[in-house]
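First up is the structure itself, then whatever we jot down about it.
The values are calculated or read from the model by the stated rules, or taken from the named source; none is laboratory data. Every value quoted in this text rests on a predicted model; they were computed, and no experiment measured them. Reconstructed Cβ throughout: ideal geometry from the backbone, glycine too, with neighbour counts over all protein chains shown. Note: areas computed on protein heavy atoms with side chains; ligands, DNA, RNA excluded. Shrake-Rupley method; radii C 1.70, N 1.55, O 1.52, S 1.80 Å.
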Amino acid sequence: MSNPIDHDHRQAAKEYREASGGKGEKFRDWQAQVEDETSFDDKTRELMMLAVASALQCKFCVSAHSKKAIRHGASREEVADAVQIASEVRAASTMAYGMDAYQNFDDFDEE
């Protein structure tokens, strides 16, 4: 996977930080606090973050968290398992939401 965080992305991020009036920095502080104050070890945390990033389809997060997970000792199998778990949750969620469509049958007279 090529790194999605290229020069243009970095430039846009810089412009965003400057325009955000400090809100971007507050987000980064909060983000660091969440990562630092977890009960999970670094590898598990990054595998969890990779799973969520995969389900949300964030290429930037997948790139960052897969690299961090590997740096913290994640194996190919662990990365694959994290992605499979995320895809199972996403598929089940799609079905669960889709089942709500059947509630609409109650609004129609089926006679």
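Kindly express, to the nearest 10 degrees and within the range 0 to 90, the angle between helix 76-99's C-alpha long axis and the longest C-alpha principal axis of the chain. With both axes taken from Cα atoms, the answer is about 40 degrees. Largest accessible area first, the listed residues 89, 79 line up as 89, 79 when surface is computed with a 1.4 Å probe on the assembled protein chains. Quick check: the angle from helix 59-71's long axis to the longest principal axis of the chain, C-alpha only, nearest 10 degrees? It works out to around 60 degrees. Rounded to the nearest whole Hz, the Karplus-based 3J(HN,Hα) values (6.51 cos²θ - 1.76 cosθ + 1.60, θ = phi - 60°) of region 36-41 follow the sequence 7, 9, 9, 8, 8, 6, with x at glycine and proline. Over the chain, Cα pairs under 8 Å with separation of 6+ residues give a relative contact order of 24 percent.
Within region 1-76, the GluC sites (Glu not before Pro) that combine a DSSP coil assignment with at most 14 other C-beta atoms in a 10 angstrom radius are 37.
What number of lysine-lysine pairs in the chain show an alpha-carbon separation below 17 angstrom, given a sequence spacing of 8 or more or placement on distinct chains? Step by step, the pairs that qualify in the chain add up to 6. Pairwise alpha-carbon distances in the chain exceed 24 Å for 46% of all pairs. Rounded to the nearest 500, the helix-only mean residue ellipticity at 222 nm of the chain stands at -23500 deg cm²/dmol, with each DSSP H run of n ≥ 4 adding -39,500 (n - 2.57). Counting Cα-Cα pairs of region 1-60 in 10 Å increments starting at 0 gives whole-percent bin shares of 19, 36, 40, 5. Rounded to the nearest 20 debye, the dipole size of the chain about its Cα centre is 1060 debye, using +1 on the Cβ of Lys and Arg and -1 on the Cβ of Asp and Glu. Per-residue surface analysis assigns residue 60 an accessible area of about 70 Å², computed on protein heavy atoms at 1.4 Å probe radius.
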